[in-house]
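Right, one structure below, let's go through it.
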């Protein structure tokens, strides 16, 4: 485990703060003090990083080795895995980076030009064309759109986007800079698209 020392320290802190901390993992409705809540979130964040390279069972086994109750260990790993849903959806991008960086950047650019900034019906089918699995490509494009909305809503800086993309995608810093620049160059259009979309949703709710 790359973060074995940090995990061990957090588990010791949790145990010394409240010996029953594991019950808060098994039942999220139980009251949590601010310190316990913060430490549990830190632990989940570190376990999430471990699961990018380690098998879930290996992480679970390590927690059991650290005397974490089996049921608690399994729940921790399950929650940490849930935090990786974006990372999993972007796996195609990591595969492309390993094989063909030019193809990766081409796909990123195409998704923005044909799906996120402007929409071209049928583009997914034309892009896949036997090269990519259609459903994987659809999920990837939707995930990229959701990430973009997240950055636009919160007014992320270019540097902030690069840092978050590195974490969420697992791509190199250079390719995350390329990705973030696609957003930065089209920031006003993306912002306007989001505003128009939200106005449409509000209008739909008012009509009901």
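The values are calculated or read from the model by the stated rules, or taken from the named source; none is laboratory data. Everything numeric in this text was worked out from a predicted model, so none of it was measured. Counting neighbours? That spans all protein chains shown, and the Cβs are built from the backbone with ideal geometry, glycine included.
Table for the structure above
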quantity	calculated
Total residues in region 103-128, condition in a helix (DSSP H, G or I) and without any contact (Cβ under 8 Å) to a residue 40 or more places away in the chain	14
Single unsatisfied condition, residue 168 versus (1) modelled with pLDDT under 95; (2) within 19 Å of residue 141 (Cβ to Cβ)	(1)
Options 153, 116: the member that is at pLDDT below 95, within 24 Å of residue 84 (Cα to Cα) and loosely packed, with under 13 Cβ neighbours inside 10 Å	153
Residue among 102, 142 that alone is out of contact with any helix residue (DSSP H, G or I) (no Cβ under 6 Å at 6 or more places or on another chain), more than 25 Å from residue 191 (Cα to Cα) and assigned by TED's automatic domain parsing to the domain that holds residue 195	102
Some residue of region 140-157 being more than 17 Å from residue 115 (Cβ to Cβ) and assigned to a helix (DSSP H, G or I)	yes
Qualifying residue in region 40-61 (condition: over 27 Å from residue 171 (Cα atoms), without any contact (Cβ under 8 Å) to a residue 40 or more places away in the chain and over 21 Å from the mean Cα position of the chain (by Cα))	yes
Test: residue in region 192-201 that is surrounded by 15 or more Cβ atoms within 10 Å (Cβ to Cβ), in contact (Cβ under 8 Å) with a residue 24 or more places away in the chain, out of contact with any strand residue (DSSP E or B) (no Cβ under 8 Å at 6 or more places or on another chain) and more than 20 Å from residue 86 (Cα to Cα)	yes
Of all residues making up region 22-50, the number that are within 11 Å of residue 1 (Cβ to Cβ) and either outside any helix (DSSP H, G or I) or at pLDDT below 95 (or both)	0
